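These notes are about the structure you will find just below.
FYI, it's all coordinate maths here, none of it is from the lab. Note that the coordinates shown come from a computational prediction; the quantities given were computed from them, not determined experimentally. All Cβ positions, glycine included, derive from the backbone under ideal geometry; neighbour counts span all protein chains shown.
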Amino acid sequence: KAGVTQTPRYLIKTRGQQVTLSCSPISGHRSVSWYQQTPGQGLQFLFEYFSETQRNKGNFPGRFSGRQFSNSRSEMNVSTLELGDSALYLCASSFPGRRRLSRSNQPQHFGDGTRLSIL
Amino acid sequence: SQKIEQNSEALNIQEGKTATLTCNYTNYSPAYLQWYRQDPGRGPVFLLLIRENEKEKRKERLKVTFDTTLKQSLFHITASQPADSATYLCALGPYSSASKIIFGSGTRLSIRP
């Protein structure tokens, strides 16, 4: 079974530009979460999508947005890039349990991330 | 506010010894706790999950304990090997799928031969 795939692996942008990152979850996984990882802040939650709907959102500015398609693939977009946006962006998918509450305790399967550098 | 702390940024131990990593939390009542391993340049990999009503979980050389009174989880690797060198992350999970998982900043474990 293929794992979570993130593209591109590396990206260099300049301040003020915008960027779109892509994530293909494991087949059958309908929940996709996005995280930002930096040496100083660790793994920070951005947002989670389930069945094309945003279910949770972290404390990031509106420049960070995302969406999920009907095939569960997800994209995140960052507009008006700032130097502080340089980070490893990780996507994780999980399999929802049959019962609603059991969805919350499923392990997350991470991709290897997109390394975004802002010059 | 919710806070999760992992005991130290780095831990350096001799091969063959038991490595013990600590995860403490405040202002949170988790339904479960997960441990992940992350290698440089890679995404985290899930290792173990322990629920709030479980005291201990084992998987091969790994053991996790969960004390909801102390608000602490301990992660043990017995008979450690250089290949166990990595960063280990703990994560707290909510009761409701409407709430998010919170990750600690990780402990970098180095096993010297």
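Given springs between every Cα pair under 10 Å in a Gaussian network model of chain B, which of B:103, B:75, B:46 has the largest fluctuation?
Fluctuation is largest for B:46.
Rank these for me by crowding, A:94, A:51, going from fewest to most other beta carbons within 10 Å.
A:51, A:94
Under the Kirkwood approximation applied to all pairs of distinct alpha-carbon atoms, what is the hydrodynamic radius of the protein assembly as shown in Å? Present the calculation step by step, with values, prior to reporting the outcome.
Values: mean 1/r = 0.0548 Å⁻¹.
Over the protein assembly as shown, the inverse of the mean reciprocal pair distance is 18.2 Å.
Report the gain in length on full extension from residue B:31 to residue B:14: 0.36 nm times residue separation, minus Cα-Cα distance, nm rounded to one decimal. Present the calculation step by step, with values, prior to reporting the outcome.
Details: separation 17, 0.36 × 17 = 6.12 nm, distance 3.42 nm.
Contour length minus Cα-Cα distance gives 2.7 nm.
Please report the relative contact order for chain B, taking Cα pairs under 8 Å with a sequence separation of at least 6, and give it as a percent rounded to a whole number.
Numbers: 274 pairs, mean separation 40.2, N = 113.
Once normalised by length, the contact order is 36 percent.
Go through region A:1-54 and name the trypsin sites (Lys or Arg not before Pro) that are in a DSSP coil and have 10 or fewer other Cβ atoms within 10 Å of their Cβ.
Values: sites: A:1, A:9, A:13, A:15, A:30; in loops: A:1, A:9, A:15, A:30.
For trypsin sites (Lys or Arg not before Pro) across region A:1-54 that sit outside H, G, I, E and B with at most 10 neighbouring Cβ atoms in 10 Å, the list reads A:1.
So for region A:2-92, averaging the separation of alpha carbon pairs under 8 Å that are six or more residues apart and normalising by length, what relative contact order in percent results? Walk me through the numbers on the way to the answer.
Details: 184 pairs, mean separation 31.8, N = 91.
Relative contact order of region A:2-92: 35 percent.
How many angstrom lie between the Cα centre of region A:72-93 and the Cα centre of region B:30-82?
Rounded to whole Å, the Cα centres lie 28 Å apart.
For residue A:73 and residue A:59 in the same chain, what is the full-extension length gain: residue separation times 0.36 nm, less their Cα-Cα distance, in nm?
Numbers: separation 14, 0.36 × 14 = 5.04 nm, distance 2.28 nm.
Computed gain between residue A:73 and residue A:59 is 2.8 nm.
Taking a 32 Å limit on the Cα-Cα distance, which of the listed pairs B:17/B:100; B:3/B:55; A:13/B:63; A:13/B:100 fall beyond it?
B:17/B:100; A:13/B:63
State to the nearest 20 debye the size of the charge dipole of chain A about its Cα centre, where the only charges are +1 on K and R beta carbons and -1 on D and E beta carbons.
400
Per-residue Cβ counts within 10 Å, from other chains only, averaged over A:107-113: what number is that?
Taking the mean over all residues of the peptide, I get 6.
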